[in-house]
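Take a look at the structure set out below.
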Amino acid sequence: MTATLEQRLDAFRRLDDAKLTFARRDWFPGTSGNLSIKIQDEPLQFAVTASGKDKTKLSPEDYLVVDQDSRPVEATSLKPSAETLIHAVVYQKFAKAGACFHVHTVWNNLISELYFGQRAFTIQGQELIKGLGIWEENARITVPIVENFADIPTLAAAIEKVITPEIPGVLIRNHGIYAWGGNDFEAKRHLEAFEFLFEYHARWLQLRQAVVSTTSN
Ligand SMILES: CSC[C@@H](O)[C@@H](O)C(=O)COP(=O)(O)O
Ligand SMILES: [Zn+2]
């Protein structure tokens, strides 16, 4: 069964909202980033950004609906995001995922490179960890980091291997983050929480270094 027009338009409107919000934060430099919202399961169909678009703008040709194999469900001249396969992996691995957002930021790139050696970034005791839906006292989270394979099936397979239901995101080395949630509201909250934690940690390292240098002089 194919999604109804109403379902598609609802997903497209929600993608417009997320896209403009992230664009205002400069989270789509150089046309990077891609967004998707699931429309239905069995068979899987989701709305995804078209490839190579300027994501700071709205146009009638911004999104299309694809199936589990990342193929458009109806004839279109639009090309799905080059990274659509990663969205499909998230929806196929986590039945509860309803939206998946990908952005490139300086902070997520810095953290992904700094901690690639450990293949993970760990942080503890930060209030914003609750933004990931993790409420325990002094919680500690570990975000996996994968190599930035140019071959998208290889990249998607590497992501598929390391993502878990506990942590709704994955870093790609010197590339960006994929974050997801049960719906677009939750995926946005998760993405914002991750980005806060990355920026906090990177700035904290810088400040600590500055303080150490000052006090040791
Ligand atoms: C223009 S650099 C970014 C791309 O290589 C890619 O990583 C990306 O996020 C956007 O690709 P797209 O095909 O537009 O969804
Ligand atoms: Zn990307």
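Some observations on this one:
- Restricted to segment 70-85, and to residues there that are in contact (Cβ under 8 Å) with a residue 60 or more places away in the chain and more than 8 Å from ligand 1 (Cβ to nearest atom), the residue that is nearest to P43 (Cα to Cα) is V73.
- Filtered residue count, segment 154-186, keeping only those that are over 18 Å from R119 (Cα atoms) and within 16 Å of ligand 1 (Cβ to nearest atom): 1
- Among the residues of segment 174-187, just one is outside any strand (DSSP E or B), open to solvent by less than 60 Å² (accessible area, probe 1.4 Å) and touching a Ser or Thr at 6+ places or on another chain (Cβ under 8 Å), namely H175.
- Unmet criterion (only one of (1) within 14 Å of ligand 1 (Cβ to nearest atom); (2) within 17 Å of N108 (Cα to Cα)) for A47: (2)
- Residues being within 18 Å of I152 (Cβ to Cβ), of a type outside the set (A, V, I, L, M, F, W, C) and surrounded by fewer than 19 Cβ atoms within 10 Å (Cβ to Cβ) - total across segment 65-90: 6
- With respect to the conditions (1) open to solvent by 80 Å² or more (accessible area, probe 1.4 Å); (2) of a type in the set (S, T, Y); (3) at pLDDT below 95, Y200 falls short on a single one, namely (3).
- Restricted to strands (runs of 3 or more DSSP E) entirely inside segment 33-99, those with at least 2 residues that are within 17 Å of the chain's Cα centre (by Cα) and within 15 Å of ligand 2 (Cβ to nearest atom) are 34-40, 45-49.
- Residue count, segment 148-173 (criterion: exposed (fewer than 15 other Cβ atoms within 10 Å of the Cβ) and in a loop (DSSP other than H, G, I, E, B)): 5
The values are calculated or read from the model by the stated rules, or taken from the named source; none is laboratory data. Note that the coordinates shown come from a computational prediction; the quantities given were computed from them, not determined experimentally. Backbone-built Cβ (ideal geometry, glycine too); neighbour counts: all protein chains shown. Keep in mind that these areas ignore ligands, DNA and RNA; they rest on the heavy atoms of the full protein, side chains included. Shrake-Rupley method; radii C 1.70, N 1.55, O 1.52, S 1.80 Å.
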